[in-house]
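The values are calculated or read from the model by the stated rules, or taken from the named source; none is laboratory data. What you are looking at is a predicted structure, and each value in this text was computed from that prediction instead of being measured. Neighbour counts are summed over all protein chains in view; Cβ atoms, including those assigned to glycine, are modelled from backbone coordinates with ideal geometry.
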Amino acid sequence: MSEPKWLAPTPPEPVEPRDDSPRFSIVMATYEAADTVARSVESALAQTYPAHEVLVVDDGSSDHPEEALRPFADRITLIRKENGGGASALNAGMDAASGDYLAILDADDAYDPRRLEALADLAGERPDLDLITTDARFVVDEDEGGTFATYTPFVTEDQRTAIFESCFVGGWPAIRLSRLREIGGFDEGLRTGYDWDCWTRLLLTGSQAGMAIDPYYRYYLHAGSLTTSRASSLWDRATLLEKALENPGLRNEERPPLESAIRMHRSRATVAEAQDAIYGSGPKGPLLRRACAPRIQPRARLTALAAAAAPPLARRLVPQDRSAEDRVREGS
């Protein structure tokens, strides 16, 4: 029996394959990425299944990305806007896109030449899916590491609650454009995690996701590509999940797993703040407040108290966190 090419929830009813070719609008948000954006654009234009259009949204960069993009000027659309953050840039791309799907490509990453071909095959076989993606290959200092699905397995069962635990869709899917517009696009009030928030809102309002299992996206990890503060990023995750508590599509039986996920992410953020205070220059003052805050697991409370009151003891109890680059290199 041949290996499956993709993973997706079992449809409740038989699905008829679509008889036309889906159109993909590749949207690339760029900010201060003039050194890498040309490589990304080149990969978007080198697809075996050509994109309907390639939209590059410059989010108020000061490093003159138009210079890097000049060789592609007649094959892309460059959208200039004032700096407003990643969600704002993606929304500008959404407003300008005219394809069936909006396909995300970060300005420091790259598509394998077969990525849109794999997405088109999946969209053709499963036209009921609103979110379609491929696995991604981590690249650290030009050395290939593991794949995204190795660290964050794609989920096919009960995706509505699985999205609370982890962003198993990743940050670079193709989204059915009509559904993306229907839910209002990306939340510009979120600094990070706006992609996770968007997938959560889609899934809670009836969408489903599928993934082609081959790693046709290259995700480059390097200094400056990651969120500066891990603790801040983790708090943003908790915030987007707390926002989901107000989603009208949330079912009563889904509230307990959502509350559990919020506690987990708030606790991880608290521990990350404690690690910053113990091993870095993070402030110790807020840790006492964190230790008394709601939705924090007991162990995280104790970690925060130890970091605030007795840093030498805390160093013996709390390990220093490793960077994402190190975790990928070590294959853990």
Checklist outcome for this item: Residue hits (segment 296-309; surrounded by 15 or more Cβ atoms within 10 Å (Cβ to Cβ) and in contact (Cβ under 8 Å) with a residue 24 or more places away in the chain) are Ile296, Gln297, Ala300, Arg301, Thr303, Ala304, Ala306, Ala307, Ala308
Item to check | Those residues of segment 67-78 which are under 11 Å from Val54 (Cα atoms), touching a residue at least 12 places away in the same chain (Cβ under 8 Å) and not polar (S, T, N, Q), in sequence order | outcome: Phe72, Arg75, Ile76, Leu78
Item to check | Residues of segment 280-307 that turn out to be at pLDDT below 85 and among the hydroxyl-bearing types (Ser, Thr, Tyr), as a count | outcome: 1
Checklist entry - How do the pairs read when you match residues in segment 269-295 that are assigned by TED's automatic domain parsing to the domain that holds Ala314 with residues anywhere that are assigned to a loop (DSSP other than H, G, I, E, B) and among the acidic types (Asp, Glu), using Cβ under 6 Å and keeping only pairs 6 or more apart or on different chains? => result Gln275/Asp321
Item to check | Flag for Ser207 being over 25 Å from Phe138 (Cβ atoms), touching a strand residue (DSSP E or B) at 6+ places or on another chain (Cβ under 8 Å) and in contact (Cβ under 8 Å) with a residue 24 or more places away in the chain | outcome: yes
Checklist outcome for this item: Counting only strands (runs of 3 or more DSSP E) wholly inside segment 91-184, the ones holding at least 1 residues that are among the aliphatic types (A, V, I, L, M) and touching a residue at least 24 places away in the same chain (Cβ under 8 Å) are 101-104, 131-140, 174-176
Checklist entry - Can you name the condition, by its number, that Leu203 falls short on among (1) surrounded by fewer than 16 Cβ atoms within 10 Å (Cβ to Cβ); (2) touching a helix residue (DSSP H, G or I) at 6+ places or on another chain (Cβ under 7 Å); (3) assigned by TED's automatic domain parsing to the domain that holds Gln159? => result (1)
Item to check | Matching residues in segment 79-93 - criterion: being closer than 28 Å to Arg137 by Cβ and surrounded by fewer than 20 Cβ atoms within 10 Å (Cβ to Cβ) | outcome: Gly85
Item to check | Residue among Leu122, Leu90, Leu78, Leu105 that is closer than 30 Å to Pro12 by Cα and either assigned by TED's automatic domain parsing to the domain that holds Ser40 or modelled with pLDDT of 95 or more (or both) | outcome: Leu122
